Amino acid sequence: MSLATRSRRYVLAGLVSLGAATLCLPAFAQSRERVKFQRGNDNAYVEGSISGDGYHDYILGARKGQKMGVSLISGQAYFNILPPGSTGEAIYNSSINGNDATNIVLPANGDYTIRVYQMGAAADGGAKTSYGLSMTIM
């Protein structure tokens, strides 16, 4: 085998390894925060910001049959309510139903995720969006 052929094989093997390593890199780091209501309150308010296609998850524990309300104040952000065990399926999608969810009856006991995100040009263009998020469980 010639030196040129061996060199090409090493370069090709290196590129394949680099490509495999790149595919294994984690996606853009996301934020996750557990929300705890202050004693005597059934609601919480948080402020935050997201950039591009990033998202922020807020985790709330609740019981089956309780009602959840979520309100998002933002120009470009939306939220989904994900039930316990969800792999992305939402029981409420604000990009379809609006940024005020009221009286959402919870189908199971466990941790619910409120995922705040951007879509379209804001997500694709890397826009940074600030928001206020109010969450209630009754």
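Taking only pairs six or more apart or across chains, which ones have beta-carbon atoms under 8 Å, a first residue in the range 96-108 that is within 14 Å of SER74 (Cα to Cα) and among the polar types (S, T, N, Q), and a second residue that is in a loop (DSSP other than H, G, I, E, B) and at pLDDT below 95?
Here the result reads ASN99/SER74, each pair linking the range 96-108 to a residue that is in a loop (DSSP other than H, G, I, E, B) and at pLDDT below 95.
Per-residue answers, yes or no, for (1) farther than 27 Å from PRO83 by Cα; (2) out of contact with any Asp or Glu (no Cβ under 7 Å at 6 or more places or on another chain); (3) modelled with pLDDT under 50; (4) polar (S, T, N, Q):
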| site | (1), (2), (3), (4) |
| --- | --- |
| ARG6 | yes, yes, yes, no |
| PRO26 | no, yes, yes, no |
| ARG39 | no, yes, no, no |
| ALA44 | no, yes, no, no |
| GLY48 | no, yes, no, no |
| GLY61 | no, no, no, no |
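When residues of the range 42-85 are filtered for being out of contact with any Ser or Thr (no Cβ under 9 Å at 6 or more places or on another chain) and of a type outside the set (Gly, Ala, Ser), how many remain?
So the answer is 4.
Would you be able to tell me the number of residues in the range 114-138 that are in a strand (DSSP E or B) and either loosely packed, with under 14 Cβ neighbours inside 10 Å or of a type in the set (A, V, I, L, M) (or both)? Step through it out loud before you land on a result.
Looking only at the range 114-138, we keep the residues that are in a strand (DSSP E or B), and these are 114-118, 128-137.
Of the ones still in play, those that are also either loosely packed, with under 14 Cβ neighbours inside 10 Å or of a type in the set (A, V, I, L, M) (or both) are 114, 116, 128, 130, 132-133, 135, 137.
Of the residues in that region, 8 qualify.
Between SER51, SER95, which is surrounded by fewer than 20 Cβ atoms within 10 Å (Cβ to Cβ), among the polar types (S, T, N, Q) and under 12 Å from the mean Cα position of the chain (by Cα)?
None of the other options fit; the residue is SER51.
So which pairs qualify, if the first residue must be in the range 118-134 and within 17 Å of LEU72 (Cα to Cα), the second must be part of a loop (DSSP other than H, G, I, E, B) and among the hydroxyl-bearing types (Ser, Thr, Tyr), the Cβ gap must be under 8 Å, and the two must be at least 6 apart or on different chains?
THR129/SER74; SER130/SER74; TYR131/SER74; GLY132/SER74
Could you tell me whether LEU82 is within 19 Å of ILE137 (Cβ to Cβ), under 17 Å from the mean Cα position of the chain (by Cα), modelled with pLDDT of 95 or more and surrounded by 17 or more Cβ atoms within 10 Å (Cβ to Cβ)?
yes
The values are calculated or read from the model by the stated rules, or taken from the named source; none is laboratory data. Keep in mind the model is a prediction, meaning the values are calculated, not measured. Note that we place each Cβ from the backbone using ideal geometry, even for glycine, and neighbour counts take in every protein chain shown.
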